[in-house]
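The values are calculated or read from the model by the stated rules, or taken from the named source; none is laboratory data. Predicted, not measured: the structure shown is a model, and the values here were computed from it. As a convention, Cβ positions derive from the backbone with ideal geometry for all residues, glycine included, and neighbour counts pool all protein chains shown. The protein model used for the area step is the full one, side chains on, heavy atoms only, and it has no ligands, DNA or RNA in it. Shrake-Rupley method; radii C 1.70, N 1.55, O 1.52, S 1.80 Å.
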Amino acid sequence: MQTITRQMQQDIRLIGKFTEVWCDGHQHGQRQSVELPGGLAPLRLCPVCADFLAYAVMKRSSCPLEAQKPSCKNCKIHCYAASQRAKVKQIMAWSGRRMILKGRLDYIWHYFF
Ligand SMILES: [Zn+2]
């Protein structure tokens, strides 16, 4: 596996957490432990969310703009396929709102989309 930078690790942790909140909140079945790269704590996700997260992690860790990365929100490339991009927006908005309601302001989603 390629090197995971600190910034990648933070981004993966963030998207992973949002995906986990989404999966849990929608009571998806068959949730199981999903390993993350870079020594991050595993998450509990259903197979569908695990696939989605694998896609997001793959995109993030192969970002060609790593060195000068502003944020995915301000990115010129927008490497996600349209359907995945729509889904990540939906997950970030839904889980972001939910975290705010729960007072989890340590997770701020302005970084993504
Ligand atoms: Zn799920």
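General observations
- In the set (1) among the hydroxyl-bearing types (Ser, Thr, Tyr); (2) at pLDDT 90 or above; (3) more than 16 Å from the ligand (Cβ to nearest atom), the condition left unmet by Ser62 is number (2).
- Total residues in the range 10-41 satisfying the condition of being more than 9 Å from the ligand (Cβ to nearest atom), within 21 Å of Gln84 (Cβ to Cβ) and among the polar types (S, T, N, Q): the figure is 1.
- Top-ranked residue of the range 73-113 - restricted to ones that are within 15 Å of Thr19 (Cβ to Cβ) and in a loop (DSSP other than H, G, I, E, B), ranked as modelled with the lowest pLDDT: Phe113
- All positions within the range 5-44 that are closer than 17 Å to Cys72 by Cα, open to solvent by 20 Å² or more (accessible area, probe 1.4 Å) and not hydroxyl-bearing (Ser, Thr, Tyr): Arg6, Gln7, Gln9, Gln10, Arg13, Leu14, Lys17
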